[in-house]
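As structure tokens, the structure follows; a few thoughts come after it.
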Amino acid sequence: MANLRFSLLLGVQLVAVLVLLVLMALWPGPWNSQRVVGSIILLLGMGLVFTARLQLGQSFSVTPQARQLVTHGLYAKIRNPIYVFGTVAILGMCLILQTPALWMVMALVAVMQILRARKESNVLEAKFGDEYRAYRNQTWF
């Protein structure tokens, strides 16, 4: 059952990327340098989110849970790569859509990601103790 959920989650993420690609292509306005750079940033961000989810494997959860301490791949350098690269992807969307109000959404999401990371850190520290503290000292965000 867990493998099915994991596969469904990755499938939903791939569909979301496809929807974003269609939105990028159909969004009105000229393809200026801002849209091109935004498209590259969006695709890189989503690709890295997808990679981080694969590397996190069965440890992924919507709410903070301490199933296992994942420290390989992207997690060897960044404690919360899904949050970081998700925010990068939103930055790309802001550049593509060129809608000023989206910058407020991005700021709100960044604050939410910081708060989520803190909660997650507390849960992981409570379960893994010194092992998590050592990992936290060797990684960013």
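The values are calculated or read from the model by the stated rules, or taken from the named source; none is laboratory data. None of these values were measured; they are calculated from a predicted model. So basically every Cβ, Gly included, is an ideal-geometry build from the backbone, and we count neighbours across all protein chains shown. Areas reflect the complete protein model, heavy atoms only, side chains present, ligands, DNA and RNA absent. Shrake-Rupley method; radii C 1.70, N 1.55, O 1.52, S 1.80 Å.
Just the accessible area per residue of the chain, please: how many Å² with a 1.4 Å probe?
I get 60 Å² per residue for the chain.
Rolling a 1.4 angstrom probe over the protein chains, ignoring ligands and nucleic acids, what is the accessible area of Val12 in square angstrom, nearest 10?
It works out to around 100 Å².
What value, in deg cm²/dmol to 500, does the helix sum -39500 (n - 2.57) over DSSP H runs of n ≥ 4 give at 222 nm once divided by the residues of the chain?
Mean residue ellipticity at 222 nm (helix-derived): -25500 deg cm²/dmol.
Could you list which residues have their amide H under 5 Å from that of Gln65, counting only those 5 or more apart in sequence or on another chain, with H placed in the peptide plane?
For Gln65, whose amide H was placed from the backbone, there are no distant partners under 5 Å.
Which of the following values of P(r) over Cα pairs in 5 Å bins from 0, in percent was calculated from the structure shown: (i) 2, 10, 20, 24, 21, 14, 7, 2, 0; (ii) 2, 10, 17, 20, 18, 14, 10, 6, 3, 1, 0; (iii) 2, 7, 11, 10, 8, 6, 5, 4, 4, 3, 3, 3, 4, 3, 4, 4, 4, 4, 4, 3, 2, 1, 0, 0?
(ii)
Return the long-range amide H neighbours of Ile78 (sequence gap of 5 or more, or a different chain), with a cut-off of under 5 Å between placed amide H atoms.
Under 5 Å from the amide H of Ile78: Trp140.
Could you please state how large a percent of the accessible area of the chain is carbon and sulfur, counting protein chains only and using a 1.4 Å probe?
With neighbouring chains kept in place, the figure for the chain is 70 percent.
Exactly which chymotrypsin sites (Phe, Trp or Tyr not before Pro) in segment 1-77 are in a DSSP loop and have at most 14 other Cβ atoms within 10 Å?
Trp31
Using the Cα centre of segment 1-130 as the reference point, and only Cβ charges (+1 on K/R, -1 on D/E), how large is the resulting charge dipole? Debye, rounded to the nearest 20.
My answer is approximately 140 debye.
Could you go through segment 45-59 in sequence order and give the Karplus-derived ³J(HN,Hα) for each residue, using 6.51 cos²θ - 1.76 cosθ + 1.60 with θ = phi - 60°, rounded to whole Hz, and x for Gly and Pro?
Karplus-based 3J(HN,Hα) across segment 45-59 equals x, 5, x, 6, 4, 4, 4, 4, 5, 4, 5, 6, x, 6, 7 Hz.
Let me check I've understood the local charge: for Gly73, count other residues with C-beta under 14 angstrom from its C-beta, Lys and Arg +1, Asp and Glu -1. What total comes out?
+3
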